[in-house]
1. If each DSSP helix of 4+ residues adds -39,500 (n - 2.57) and the sum is divided by the residues in the chain, what number results at 222 nm, nearest 500 deg cm²/dmol?
2. Quick check for you: which residues of the stretch 212-249 have the amide N under 19 Å from the point 7 Å beyond the Cα of residue 84 toward its beta carbon?
3. Would you please state which residues of the stretch 185-221 a label at residue 159 would reach in this model, taking the label point 7 Å out along Cα→Cβ and a backbone N cut-off of under 15 Å?
4. Hey, if you drop one equal point scatterer on each alpha-carbon of the chain and run the Debye formula without solvent, what base-10 log of I(q)/I(0) do you get at q = 0.12 Å⁻¹?
5. Compute the FRET efficiency between residue 276 and residue 202 as 1/(1 + (r/R0)^6), taking r as their Cβ-Cβ distance and R0 = 30 Å, and round to the nearest 0.05.
6. Output needed: percent of Cα pairs per 10 Å distance bin for the stretch 4-73, bins running from 0 to the one holding the longest distance.
7. Out of 81, 282, 54, any idea which swings most in a Gaussian network model of the chain, alpha carbons joined below 10 Å?
8. If the elastic network links every pair of Cα atoms under 10 Å, which of 237, 269, 119 fluctuates the most in the Gaussian network model of the chain?
């Protein structure tokens, strides 16, 4: 049933007033965005003949989403965060910008100010008996030259798929570190192989995905911010090959060029050099940074993030 055409004049007046289009105060760009959003909502209600009960269920869902702090999780699950990456890629291509390591979504679980170490850090606190991982690589520019003093900010889940800070059972900054590269642009960390995980099964994000007939699972992955003076900030993550959900990530984060192959290391000499002295998993991944056109490109996006107290 379509009723908009019968109340077009009243609806236009309502949306004009509610969005403040004709008012002197406020932000003009924000007003135009709100007018578009409100118009689309009203059109959707009209097109699908949304009932009052359905409307208030949706309002209550938004309340629940906020209470459970899953709004950013849903944005990833609906592909909106991935769309921002696709849009940025398209803009780079249109402007002829150099392409380095692919970007992909940040996700909602970063915590600022992890401990900073030169060239190497141990990320785990030793309480998780997961497979030991040696993660290492090199940061270079688009010509293959090493980038010294780059900051490789790394975070990932434990073997239960949980992140420190959000999981209060883990120690402070567990599985979170920042490593500053040396003159050779190299970084290395000792950690544990992370596990994939799913949305909270009782949460509003999974409830919505259920209505779409979709799962809420992510493959095993490792998050990175990589930055250096004079270079564009890189937000990315790598997935580990062999995972069931490698190319079926509910958050759409898997991208060509961002899949690493874990290698089992049994050579005792290599293990001894790393002070591990037992078989372990090696993950090697290199990053290519692009030159920044201005200081703003050196900075990560300004969005709310958790901060360890």
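1. Numbers: 7 runs with 85 residues, N = 309.
About -8500 deg cm²/dmol.
2. Backbone N within reach: 222-227, 232-238.
3. Under 15 Å, as judged by backbone N against the label point of residue 159, lie 191-196 of the stretch 185-221.
4. -0.91
5. Working: r = 39 Å, r/R0 = 1.29.
Given R0 = 30 Å and the Cβ-Cβ separation, E is 0.20.
6. Per 10 Å bin, starting at 0, the Cα pair percentages come out as 18, 35, 36, 11.
7. Ranking 81, 282, 54 by mean-square fluctuation puts 54 first.
8. Between 237, 269, 119, it is 269 that shows the largest mean-square fluctuation.
Just so you know, all these numbers are worked out from the coordinates, no wet-lab data involved. Since the structure is predicted, the reported quantities are computational estimates derived from the model, not experimental observations. Don't worry about glycine lacking a Cβ; one is built from the backbone with ideal geometry, like all the others, and counts go over all protein chains shown.
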